[in-house]
Amino acid sequence: MASRIRLSDLAEQAGVSTATVSRVLNGKAEVADETRQAVLRAIDLLGYERPEKLRPKSGGLIGLIVPELTNPIFPQFVQHLSTAMLQRGYTPLLGTQFAAGTTEDSLVEAILRQGVSGFVFVSGLHADLTADPARYYNLVDQGIPFVTINGPNDLIDAPDFSTNERDSITQAMRHLVRLGHKRIAFTTGPLRFSPAKAKYDRYLECMEEMVPGVKPIYSETLFTVEGGQSAAKTVLDEGATAIICSSDVMALGTIRYALDHGIDVPSDLSVIGFDDSLVMSFLSPALTTVRQPVEAISDAAITTLTAHIQQSQNQMSTTTFRPELIVRETTAPPRNTDI
């Protein structure tokens, strides 16, 4: 297959000379690692099959457990986590839960039978503060390293890598207050999940700090479009002029409810989401949202996990990553700044 590769195409894509591409393809040592990786990425991006000697040798399997793939943020995590694993010589083994179907426990049991070296749990039962953490103790007892993402839990002896939920709410609240909003609502999925609870607690603090004397308006529902619609009705009935949603998917439900009821976004209602999943900038109006640093979280999580696999250890730690408010078209000053 290597003979069919056009050196000039690879050189242009990687930003190097054709001579450098040739040295990489022939496995020559006199190429900087960064340059080598640029050429390998170009091979993959252009759809070529890597020559046999350039294919990474698998260091083993890593189980990757995500709650669903219908929410676009989870495929985004899968993509970046899988890439980080492959770059380090590991092969991802994906397990996805389904409502009234496969559970996290059954996925772990099935994946363990494949002889995996470790696990990554994204927004799993580790994030549910009411769930029994014993399932994770079993992995610790078996000496199987794992990391968790977006769900720190003091009862679980494992590294966690999470977006700073409190900072996400602080940024969203400051933006809306600066626009002139006071009656700001917060909608979320179940508060038994640690990220939702952290956001909610910070929302209450921000209301007291930034708009003292104004009653908080909030709704606890589901992390779905339908949940966003239901929550929107609840908080709009209480006079909210702006809504901070705990996910982009909930924000989509909120906007759908508003439009179905003749409420213009953002003239009548400002909406902020959370995640900045891939399609949010292409909506009309484009969604103002808080971006999770998915790539940075994924790379740090896999770097730590592979180090623990090689050292056969797991240590509790929590690493938080700063989110970024992305202002687009769904936020604006309220019609009546006295509200």
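Computed from the coordinates by the stated procedures, all read-outs in this text should not be read as laboratory data. For clarity, every value in this text was computed on a predicted model and none was experimentally measured. Reconstructed Cβ throughout: ideal geometry from the backbone, glycine too, with neighbour counts over all protein chains shown.
With the charge dipole of the chain set up from +1 on Lys and Arg Cβ and -1 on Asp and Glu Cβ about the Cα centre, the Cα lying farthest toward the positive end among the listed residues 72, 259, 223 is that of 72.
Loop-located chymotrypsin sites (Phe, Trp or Tyr not before Pro) in the range 76-125 (DSSP state other than H, G, I, E, B) with a sparse environment of at most 16 neighbouring Cβ atoms within 10 Å: 98. Extension gain for residue 70-residue 268 works out to 68.3 nm (0.36 nm per residue, less the C-alpha to C-alpha distance).
With contacts taken as Cα pairs under 8 Å at a separation of at least 6 residues, the chain carries a relative contact order of 17 percent. The antiparallel fraction among DSSP beta bridges confined to the chain stands at about 10%.
Taking square-rooted eigenvalues a ≥ b ≥ c of the alpha carbon gyration tensor, is the range 2-54 rounded, prolate or oblate, where a/c under 1.5 means rounded and, failing that, a/b exceeding b/c means prolate? In terms of gyration-tensor shape, rounded.
Taking 25 Å as the straight-line reach from the Cα of residue 197, the lysines in range (excluding those fewer than 8 positions away in the same chain) are 182, 215, 233. How about the range 163-263: which trypsin sites (Lys or Arg not before Pro) there lie in a loop by DSSP and see at most 16 other Cβ atoms within 10 Å? Passing sites in the range 163-263 are 192.
Based on C-alpha pairs under 8 angstrom that are at least 6 apart in sequence, the range 165-291 has a relative contact order of 23 percent. From Cα pairs below 8 angstrom and at least 6 apart in sequence, can you work out the relative contact order of the range 2-54, rounded to a whole percent? The normalised contact order for the range 2-54 reaches 38 percent.
Distance between the pseudo-spin-label points of residue 260 and residue 34 (7 Å out from Cα toward the beta carbon): 5.2 nm.
Once you reduce the range 147-218 and the range 112-127 to the center of their Cα atoms, the two points are 27 Å from each other.
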